[in-house]
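To start, the structure itself, in structure tokens.
The values are calculated or read from the model by the stated rules, or taken from the named source; none is laboratory data. Quantities reported herein were computed from a predicted structural model and do not represent experimental measurements. Cβ placement follows ideal geometry from the backbone for every residue including glycine, while neighbour counts extend to all protein chains displayed.
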Amino acid sequence: MTRPRITVVGSTNLDLVATAEKLPVAGETVTGATFAQHPGGKGANQALAACRLGADVSMIARTGEGPNRDAALALLKADGVDLSGIVSDPEEQTGVALIAVDKAGENQIVVASGANGNLSPDNVKIEGAPDAILCQLEVPTACVLAAMRTKSGLFAVNLAPAAPVPVELLETADLLIVNEGEAAFYGDGIHRGEGMVALTLGGQGAVLYRAGKEIARTQAFTVPVIDTTGAGDTFCAALVLALAEGCEEGEALRFASAASALAVTKPGAQPSLPWREEVDAFLEDQD
Ligand code: RIB
């Protein structure tokens, strides 16, 4: 099978992760955590996941110029994502995410967007007519709209983190991907277009709709949960990849669910992203 070509327009962050017994409530200090640093950012996570799952991936993003840039791009570079569309910003720092993870694998994330917030539509140069374009909302919406207007292949948007967007985006996307919180934020607006909507339901699996009607559903896979960070990004990348490969919708949804299940079994966002062989073997074991 030829590898689909996917362009990701989105964020790159450096994730600073504290893993503790419990997550703090407002005003609380939790001690005794362990610390780790990983590359992250929803865009970069999705780009790396698509690459590991079998796509040729180009990334369009904006970083700062200091050592955090190298750390944030390290795994994308190591795994062969095309980074020629990543620009350096002399004025801003590379994005940083402060992440707390508890013993159940749940997280809290605060993002200091830095250079991600300066990505501009002029930076969004999509070349080579990719089979799919995948965006999220950690970069300015104008950049997502610029990607949409290139009209190349499947246009998918992960509406995360939830934020107001023009109706045109919701109605034009071929695929919108939301979790339950994001679905509640957008309400019926996500079902107004003719495209598909994928809704992830955590332990209840995922559902795929087209023009408001359910067309596929998958159960969640039972796995040991270490860290849920990056699982949603893995789902997005895997679903887009499978659809770009021409998979039937139900099969694509099951593939995405399996890939995201594997992502929660390891710590960190990018270090936990599974390779294609792992997902295929996991699915074979389920049959
Ligand atoms: O989706 C997980 C990602 O959200 C983390 O890697 C963090 O950088 C934030 O962008």
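Annotation: of all residues in the range 131-145 being among the aliphatic types (A, V, I, L, M) and not in a loop (DSSP other than H, G, I, E, B), the one that is nearest to the chain's Cα centre (by Cα) is Leu134. Selection of the range 52-78 for residues being touching a helix residue (DSSP H, G or I) at 6+ places or on another chain (Cβ under 8 Å), closer than 19 Å to Trp275 by Cα and not in a strand (DSSP E or B) yields Arg52, Leu53, Gly54, Ala55, Leu73, Leu75, Leu76. Within the bounds of the range 20-43, is there any residue that is away from the ligand (no atom under 15 Å from the Cβ), among the charged types (D, E, K, R) and in contact (Cβ under 8 Å) with a residue 24 or more places away in the chain? Among the residues of the range 20-43, at least one is away from the ligand (no atom under 15 Å from the Cβ), among the charged types (D, E, K, R) and in contact (Cβ under 8 Å) with a residue 24 or more places away in the chain, which makes the answer yes. If Ala146 satisfies all but one of (1) touching a strand residue (DSSP E or B) at 6+ places or on another chain (Cβ under 7 Å); (2) buried (at least 20 other Cβ atoms within 10 Å of the Cβ), what's the number of the condition it fails? Result: Ala146 fails condition (1) only. Being more than 30 Å from Glu245 (Cβ to Cβ) and either surrounded by 23 or more Cβ atoms within 10 Å (Cβ to Cβ) or over 21 Å from the mean Cα position of the chain (by Cα) (or both) is a property that does not hold for Pro39. Does the range 123-134 contain at least one residue that is away from the ligand (no atom under 11 Å from the Cβ) and more than 18 Å from Arg5 (Cα to Cα)? There is at least one residue in the range 123-134 that is away from the ligand (no atom under 11 Å from the Cβ) and more than 18 Å from Arg5 (Cα to Cα). Scanning the range 156-184 for residues that are touching a residue at least 24 places away in the same chain (Cβ under 8 Å), outside any loop (DSSP other than H, G, I, E, B) and buried (at least 17 other Cβ atoms within 10 Å of the Cβ) yields Ala156, Asn158, Leu169, Thr172, Leu175, Ile177, Asn179. Taken together, the residues in the range 214-247 that are more than 10 Å from the ligand (Cβ to nearest atom), β-branched (Val, Ile, Thr) and closer than 27 Å to Thr34 by Cβ amount to 4. Taken over the range 82-107, the criterion of being at pLDDT 95 or above, within 15 Å of the ligand (Cβ to nearest atom) and not in a strand (DSSP E or B) is satisfied by Gln93, Thr94. Among the conditions (1) crowded, with 23+ Cβ neighbours inside 10 Å; (2) more than 19 Å from Lys42 (Cα to Cα); (3) in contact with a Pro (Cβ under 9 Å, 6 or more places away or on another chain), the only one that Glu245 does not satisfy is (1).
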